[in-house]
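As structure tokens, the structure follows; a few thoughts come after it.
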Amino acid sequence: MIADLARGWIGTPYIHQASVKGAGTDCLGLLRGVWREVYGCEPMTLPPYSMDWSEAGGREDLRAAADQVLIAKDLNDPAAGDVLLFRMRAGAVAKHLGIQGRVHNPSFIHAYFGHAVVESALTDPWRRKIVARYRFP
């Protein structure tokens, strides 16, 4: 169900801090939009955030927020609809989110900077960047 809702956002342009299906979203906005479709409200009040997600200060703001509203899972227990948190490079803060689309022939749905919401293959280079896996409550 969660993966199918996320697929409904495919093609939505990437716009930083946006969360409107068909008009614009970023990776967090995609998660927020799917959350609103499931629960009818925002998961939490968010302050404005930069594209670097507090990277300069080394704070794990995105991970801390995910820990508050989602349920952590074992990294090796994939299911369609899981929320994936990525660290884009070693030593950096985690700052990208996606929703697992498929487990067999693995994929994930995410808002990709410079593109739109897409469903990408969850290849080894992407898998190595996953630092946390969550499910919706």
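Quick notes on this one:
- Hits in region 80-137 - residues which are among the aromatic types (Phe, Trp, Tyr) and under 24 Å from GLU42 (Cα atoms): PHE86, PHE108, TYR112, PHE113, TYR134, PHE136
- Note on region 1-113: enclosed helices (runs of 4 or more DSSP H) holding 3 or more residues that are at pLDDT 95 or above and open to solvent by less than 10 Å² (accessible area, probe 1.4 Å) are 27-39.
- Given (1) part of a strand (DSSP E or B); (2) closer than 22 Å to VAL20 by Cα; (3) open to solvent by less than 50 Å² (accessible area, probe 1.4 Å), index of the condition GLU119 fails: (3)
The values are calculated or read from the model by the stated rules, or taken from the named source; none is laboratory data. Values in this document were obtained by computation on a predicted structure and should not be read as measured data. These accessible areas exclude ligands, DNA and RNA; they are computed on the full protein's heavy atoms, side chains included. Shrake-Rupley method; radii C 1.70, N 1.55, O 1.52, S 1.80 Å.
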